[in-house]
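For reference, the structure is listed below as structure tokens.
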């Protein structure tokens, strides 16, 4: 028989072991849940707790709060953006930033099982949301400050082209509506490649349908057309998932029927639209699947005169290059000039694209617009071929 003292010590050890087993069982039975605006967040990797902080899959939390997210594999850096807020984090680095403000994290982002996890409270609060924790249910609750999307119903009466429609408002008033943030190829006054297809796509999905119009900062363009985001169903919020599923502007970009066209101040969804166009281009959808003419690294931007509104593009190769459908981009404003059909830069020659009130056309000289395009404080010029691949930058 064991001495009484030994029995007492064994009893304590057994009790502690049982307690730890119970805690372990409770933890296993109750994984961490995340609820955003009343909805359970579906994640491909379970959240974890480190040093009292909950880390969740990065894309799930960013997109649930209406933010776009990008990953830089070379620097292992995460960048999330929504409206005027930009969040930057780096794997295993406790130093993060919100716009220009540096923040020291209690727990840095990490990679577990090939998935990137980020601190839930930091991300949510940086985007203006309130965060709570229920210990009993092991649930993180996030209440977003994102406002409800305001829309008004309208009946689509006819289709002008891929990005312009006519609608009848609930008041009975007829309006021409230009879709914000997208530019489909022409199919009316002139026929551009993929113009008819884009127009047919819009007609198929919108004609005769009830849609829901969301306005941005500027209500009309210089032609008097109403500027709107066209929702196929009333949106519950302005998250990435909701925009992808229900907004027709986004669908045009995702299916490759439109180019991105951002004109301030109507930029609410511009960050999402950039990623949507990139997705379509990288997967060769729609107009991006068209056969591209041969390109050459010999075509380069040799001069950018921001004040004089002048860009020179030279062909330093030994053969002529057809640049029909190529695009010159003012990166800061994401304004785009598409080279017209039949534009060829001869070997050893150059072509100049001009803009501004004094712009004039001539031999080897194309007019973009008679409005100012370039930002004098600095504005990279980017040349894309007609598959959307970057050819030159200056």
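Only a single item in (1) over 30 Å from residue 236 (Cα atoms); (2) part of a strand (DSSP E or B) is not met by residue 78, and it is number (1). Check whether at least one residue in segment 234-249 is crowded, with 17+ Cβ neighbours inside 10 Å and within 23 Å of residue 337 (Cα to Cα), and report yes or no. Within segment 234-249, one or more residues are crowded, with 17+ Cβ neighbours inside 10 Å and within 23 Å of residue 337 (Cα to Cα). Checked against (1) surrounded by fewer than 14 Cβ atoms within 10 Å (Cβ to Cβ); (2) under 17 Å from residue 223 (Cα atoms), residue 164 passes all but a single condition, namely (1). Total residues in segment 109-139 satisfying the condition of being touching a residue at least 24 places away in the same chain (Cβ under 8 Å), in a strand (DSSP E or B) and under 23 Å from residue 90 (Cα atoms): the figure is 7.
Scanning segment 38-64 for residues that are part of a loop (DSSP other than H, G, I, E, B) and in contact with a strand residue (DSSP E or B) (Cβ under 6 Å, 6 or more places away or on another chain) yields a count of 4. Only residues that are within 25 Å of residue 277 (Cα to Cα) and at pLDDT 90 or above were counted in segment 314-325, giving 0.
Quick grid of which residues meet (1) in contact with a strand residue (DSSP E or B) (Cβ under 9 Å, 6 or more places away or on another chain); (2) farther than 18 Å from residue 158 by Cα; (3) not assigned by TED's automatic domain parsing to the domain that holds residue 329:
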site: 198; (1), (2), (3): yes, no, yes
site: 245; (1), (2), (3): no, yes, yes
site: 254; (1), (2), (3): no, yes, yes
site: 257; (1), (2), (3): yes, yes, yes
site: 265; (1), (2), (3): no, yes, yes
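Taking the listed residues 131, 156, the one that is modelled with pLDDT of 85 or more and buried (at least 20 other Cβ atoms within 10 Å of the Cβ) is 156, with no other qualifying. Of all the residues in segment 286-303, those that are modelled with pLDDT of 85 or more and surrounded by fewer than 17 Cβ atoms within 10 Å (Cβ to Cβ) number 2.
The values are calculated or read from the model by the stated rules, or taken from the named source; none is laboratory data. The shown structure was predicted, so the numbers you read here are calculated from the model rather than taken from an experiment. When we count neighbours, we look across all protein chains shown, and the Cβ atoms used for this are built from the backbone with ideal geometry, even at glycine.
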